[in-house]
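Undergrad: The structure that follows is given in the form of C-alpha cells.
The values are calculated or read from the model by the stated rules, or taken from the named source; none is laboratory data. The model shown is predicted, which means the values in this text are computed figures rather than measured ones. Reconstructed Cβ throughout: ideal geometry from the backbone, glycine too, with neighbour counts over all protein chains shown. For accessibility, only protein heavy atoms count, side chains too; no ligands or nucleic acids. Shrake-Rupley method; radii C 1.70, N 1.55, O 1.52, S 1.80 Å.
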Amino acid sequence: MRANNMLGVLFSNVHDEKIRELTEKRAMGSVPFGGRYRLIDFPLSNMVNSGINKVGVITKNNYQSLMDHLGSGKAWDLSRKREGLFILPPFGDASSIPNSRLEYLASIHRFLENSREEYVVLSDCDMIFNMDYSQVLAYHLEKEADITVVYHFGKIPAGSGDPTVYTIAPDGRVLDMLVSPNMEGDCNHGLSILVMKRELLMSMVGDCVSRNMFNFKRDFLQRNVKNYRIYGYEFEGTVLTMCSMNAYFEANMTLMLPKVRAELFNPDRPIYTKVRDDMPARYGLGAVVSNSIIADGCVVEGTVENCVLFRGVKVEKGAHLENCVVMQDAVIGANCRMNYVVVDKDVQIKEDRSLMGFQSYPVYISKGAVI
Amino acid sequence: MFPKQEVVAMLLAGGQGSRLGVLTKNLAKPAVPYGGKYRIIDFPLSNCVNSGIETVGVLTQYQPLELNEYIGNGQPWDLDSMYGGVHVLPPYQRGKKSDWYKGTANAIYQNINFIDRYNPDYVVVLSGDHIYKMDYSKMVAFHKEKQADCTIAEIEVPLSEASRFGILNTRDDGSIYEFDEKPKKPKSTKASMGIYVFTWNKLRKYLIEDEADPDSSNDFGKNVLPKMLNAGERMFAYEFQGYWKDVGTIDSLWESNMDLLDPNGSLDLSEPSWKIYSRNPVMPPQYVAKDAVVQNSLVAEGCNVYGQIDFAVLFAGVYIAPGAVVKDSIIMPGSRVEEGAVVQYAIVSENTVVGRDAVIGARPEEMDNKDEWGVAVVGANCTIAPGAVVPPKAMIEEGTTYEEGTK
C-alpha cells in the first residue's frame, strides 16, 4: 500500500549561507553528497519510502541545478499521473519575493489548498537521515496531537543555524521550546521535521500573516506551545547536519563507517537519485585504494585513501589523494598530491599539482576550476 | 493508424543459449548479466536508441519471465515513447492454431502485422547475443545509397578463425555473390555479424514465400538469404570496424568481460555520446576497505571489498570478505565471497555464497593436464560450503549446496 494521506513539503534552500562555497551556484538541496547523491535525495526518498505520493519542493534561488537533478521525479517514482512531484518556484513579482519560511508557506497557499491529503509533513534539506515518516504520523495520531515535531537527543552540532531545543514531558508533550539557546551538552534538538493537518497548517500560517508575524520558529511554533497540543517524536538514528564546510566534510567521511552506511542506506528504504548510466568503476594497474567510497564511472589509476569519489571522477597514475571529497567528473592529473581537499564538479587538476588543507580546514576548489 | 516509422528494429531474443549451461537454465540468453552492470540485451537496445531507432520489437520465446521484467516499459533505454518504443513479442495463438517461433525468419513472419502498423521502409534484424557498439543509422544510410534489398553487417576475422563463421564473399563494389556457412576453406575473411537491414516490402514478400515452402526451416541464414541471393536481389556487405564479440559460450562470455579490463581494449563503455543504458540498481556507492587490494577490475555500485581482487568484474552488491582473493573472475549481483576463499578463472552467478576458505577454479599454469582446465561456473543461489573445492571447468547447478572437497 502506498497511499497514506500525507503530503510532503520540502524546503530546498534552507541555511544556504552555512556552506556558502557549495551553495554559491546551487540550492542546498542540490549540494552533492556521499559519492552519488544530492542532499535532497535523502528527504525526498524518505518521503517516497514513507508512502507519500505528492511532494512539493519549495525553491528560492539558484534552483536550476536542482530542477536539472529532479527532472520529472522519475528516479523517485514521483513522475505520476495522480499526484507526483511539484517544484514550487517563488510566486509573485520582484517586490514580493518571499523571505522567510512563513512567507513561503503563505505563497504556496494555492498548492496546499488544492491538495487532497489530510496531513502534511514539512522537511528541510540540510540534515540527512533515513526516517520513516509514516511512523511519525502514527505517533501523531496516537497522541491526538495538533503538531508533531521530530527531535534528536544529543549535542547540537557546532555551527547550526538557529537550533530549536524542546523540553518534553514523559508523555511526549512539548512543554517548552527555545530558539538558538546557549546550550552545552546533550539536549532534545529539533530536526525541522513537522507533521500536522494540512488545514491547520493553512489556518495557522494565515493567522501569523494577518498579524504581520513572519518568524516560523518564534511566531508559528514558540508562540503556540501553550495553545496547541504539540508533541515530540524522538528519532534515534544517525543524523548528519550540513551546518559548515567542516561538518559537510566530516559527514562525507562518516560514510566510511559500516554502521552509518547500513543505517543511511537501509535496503528496505533505499535512497534514490538521478540515474546517470555510467559504467562501473574501473581500477587500473597500480591502483591503491583504501577506506574509500567510490561511485560508478570512476577510473582510478592512482592512490586513494580515505576519500569519497563521486561519479565519473578520474584519478590518473601516480596521483596520491588522501582525505579528499571529489565531486562528479573531476579529473586529478598524474602525480598530483592532495590532502584534505574538497573538489567541486568538473574541476581539472593538472599534472604534478600539490594541494594541502588541514583536517580543521579542508581546502575548497570551486566548480569548473582548472588548476 | 500509427505515424510512419522509417526504420523498425526486430531483435531476436528467443534463443535458449544452451552453450551457456547453468547461466541460461532459467534465463533467456539476452538477459545474461555482462560487464558489471549490464545484460547482453542492453547493447542492441542502446545501439538502437543511440542510432535514432525508436521502435523495437523484441521476439521472446525461451524463459522470457526475467527478460520481460527487465525490459519492462523500456524506460531505462528511453524506449517508453508515445508511438514507438519497445514491444515484447512472444508467440501467440491465432485462429485454431498456435505456433512457436520455428526459426528466425518465421519469428519475423509471425509479426508482419506488428511491423506493418508502422509502415516502415526498412527493417533492421538484430540478435541478442553479441557485445558491440554500432551506429545502425550509418548502415541504413549505406543500404539506401546502394539501393540494396538486403545489407548484412560484416567484420574482418583472422583467416584461421574464419571457418567458425558465416562468410560473405563479395565483389569489388561490396555486393555479395555467395554465402559460405562455416567453410572449411574460406575464400574471404568477411564474417557475417547476424545484423541485417532489409527493405521491408522485399523482405515481406520473401517471408511469405518462405512460410509457404514446406521444406524450409524458416531460418534467415539457411533459407531466406540464399533465396534472395538466388533470385538476384541486391545484397551488400557493410563493413563494421570495432569491438564485436559473440558471448554465446562460457569461454567467450568470460573473455568478453575480461576485455573490459584491458586499458588498451577497443570496447569503451564510458563514451558519453554512446552510452550503454541499463536498468540501474538503487544502491549506495561501493566501499573499498582499508586493507583491500583492488587492481585491474571493474566494480559496480553497492559492492563492499575487503579482500583482494585482480582482473575481477564485480556486479552490484557483491561482498568480498577480508582475506578473500578473486582473480580473473566474474561475480554476479548479490553474491558473497567469504574470508579466505579463493576464486580464480570462474563465473559465480547471482546471490551465491562462497564459504570460508572454499576454492573455486584454478589458474591454467597450475594444471598438470591442460585439457582439464576451463572456466569454472557456479549457478545462481548456490551455497559453496566452507572449505569446499570446485574444480576448473566444473558447472554447478543453480540452487545447489556444494560440499565436495570439505575436510
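Undergrad: Between chains B and A, what is the buried accessible area summed over both chains (1.4 Å probe, protein heavy atoms, nearest 100 Å²)? It would help to have the intermediate numbers written out before the result.
TA: Working: alone 18280 and 16130 Å², together 31700 Å².
Heavy-atom accessible area buried at this interface is about 2700 Å².
Undergrad: Taking segment B:125-260 as the region of interest, what is the percent of Cα-Cα pairs per 5 angstrom bin, listed from the shortest bin to the one with the maximum distance?
TA: Cα pair-distance distribution for segment B:125-260, in percent: 2, 10, 19, 22, 21, 15, 8, 4, 1, 0.
Undergrad: Give the accessible area for B:TYR287 in Å² (nearest 10); use a 1.4 Å probe, count only protein heavy atoms, and leave out ligands, DNA and RNA.
TA: The accessible area comes out at roughly 10 Å².
Undergrad: If you don't mind, another one. What residues qualify as long-range amide H neighbours of B:GLU178, i.e. H under 5 Å apart, gap of 5 or more or another chain, H built at 1.01 Å from N?
TA: Long-range HN contacts for B:GLU178: B:ASN169.
Undergrad: In sequence order, what are the phi-derived ³J(HN,Hα) couplings for segment A:242-256 according to the Karplus relation 6.51 cos²θ - 1.76 cosθ + 1.60 with θ = phi - 60°, rounded to whole Hz, with x for glycine and proline?
TA: With coefficients 6.51, -1.76 and 1.60, one gets 8, 9, 6, 4, 4, 5, 4, 4, 5, 4, 4, 5, 4, 5, 5 Hz.
Undergrad: Which GluC sites (Glu not before Pro) from segment A:81-183 combine a DSSP loop assignment with at most 15 other Cβ atoms within 10 Å?
TA: A:GLU118, A:GLU144
Undergrad: Can you pull the Rg over Rh of the protein assembly as shown, Cα-only, Kirkwood?
TA: 1.03
Undergrad: Given the protein chains as shown and a 1.4 Å probe, how many square angstrom of B:GLU255 are accessible, to the nearest 10?
TA: 80
Undergrad: Going by the alpha-carbon gyration tensor, a ≥ b ≥ c the square roots of its eigenvalues, is segment A:282-365 rounded (a/c under 1.5) or, if a/c is not under 1.5, prolate (a/b greater than b/c) versus oblate? Present the calculation step by step, with values, prior to reporting the outcome.
TA: Working: a/c = 1.35, a/b = 1.29, b/c = 1.05.
Verdict is rounded for segment A:282-365.
Undergrad: Using a 1.4 angstrom probe on the protein heavy atoms only, line up B:THR104, A:THR59 by accessible area, largest first.
TA: Descending accessible area places them as B:THR104, A:THR59.
Undergrad: On to the next question. Could you work out the relative contact order of segment A:3-264? I mean the mean sequence separation of Cα pairs under 8 Å and 6+ apart, divided by the number of residues, in percent.
TA: 23
Undergrad: Just how far, in whole angstrom, is segment B:16-53 from segment A:29-62 if you go by their alpha carbon centroids?
TA: So the separation of the two Cα centres works out to 33 Å.
Undergrad: So how exposed is B:ILE155, as accessible area in Å² (1.4 Å probe, rounded to 10)?
TA: Counting only protein heavy atoms, the figure is 20 Å².
Undergrad: All other residues with a Cβ under 12 Å from the Cβ of B:ALA105 taken together, and with Lys, Arg as +1 and Asp, Glu as -1, what is their net charge?
TA: Net charge in that neighbourhood comes out at -1.
Undergrad: Taking only DSSP H segments of four or more residues, each worth -39500 (n - 2.57), what value at 222 nm results for chain B once the sum is divided by all its residues, to the nearest 500 deg cm²/dmol?
TA: Helix contribution divided over all residues of chain B: -4500 deg cm²/dmol.
Undergrad: Need one word for segment B:313-407: rounded, prolate or oblate. Basis is the Cα gyration tensor (sqrt eigenvalues a ≥ b ≥ c); a/c below 1.5 gives rounded, then a/b vs b/c decides. Intermediate results must be reported in sequence, preceding the final value.
TA: Values: a/c = 1.42, a/b = 1.36, b/c = 1.05.
It comes out rounded by the Cα gyration axes.
Undergrad: In a shell of Cβ-Cβ distance under 12 Å around A:GLY286, excluding A:GLY286 itself, what net charge do Lys and Arg (+1) and Asp and Glu (-1) give?
TA: Details: positive: A:LYS317; negative: A:GLU301, A:GLU316, B:ASP310.
Its environment carries a net charge of -2.
Undergrad: Something else: Near B:VAL22, within a Cβ-to-Cβ distance under 10 Å, what is the net charge of the other residues, with Lys and Arg +1 and Asp and Glu -1?
TA: -1
Undergrad: Using every pair of alpha-carbon atoms in segment A:3-264, split the distances into 10 Å bins beginning at 0 and state the percent of pairs per bin, rounded to integers.
TA: Whole-percent P(r) values from 0 Å outward: 7, 31, 40, 20, 2, 0.
Undergrad: By how many degrees, 0 to 90 and rounded to 10, does the Cα axis of helix A:133-142 deviate from the longest principal axis of chain A?
TA: 20
Undergrad: Also, quick follow-up: Once you sort the root eigenvalues of the Cα gyration tensor of chain B as a ≥ b ≥ c, which label holds: rounded (a/c under 1.5), prolate (a/b larger than b/c) or oblate (the other case)?
TA: On the way: a/c = 1.98, a/b = 1.77, b/c = 1.12.
It is prolate, given that a/c is not under 1.5 and a/b is the larger ratio.
Undergrad: Quote the charge dipole size of segment B:115-184 about the Cα centre in Debye, to the nearest 20; the model charges only the Cβ of Lys and Arg (+1) and of Asp and Glu (-1). Please list the in-between numbers first.
TA: Details: 9 positive and 14 negative charges, 33 e Å.
The dipole of segment B:115-184 has a size of about 160 debye.
Undergrad: Spelling out what I want: for every residue of segment B:300-305, take phi, set θ = phi - 60°, compute 6.51 cos²θ - 1.76 cosθ + 1.60 (Karplus), and round to whole Hz; glycine and proline get x.
TA: 9, 4, x, 7, 10, 10
Undergrad: Search the structure for amide H atoms under 5 Å from the amide H of B:THR55, placed 1.01 Å from N in the peptide plane, and list their residues when 5 or more places away or on another chain.
TA: B:ALA9, B:GLY85
Undergrad: Can you work out ³J(HN,Hα) from phi for every residue in segment A:270-278, in order, using Karplus 6.51 cos²θ - 1.76 cosθ + 1.60 and θ = phi - 60°, giving whole Hz and x for Gly and Pro?
TA: x, 9, 8, 8, 4, 7, 10, 6, 7
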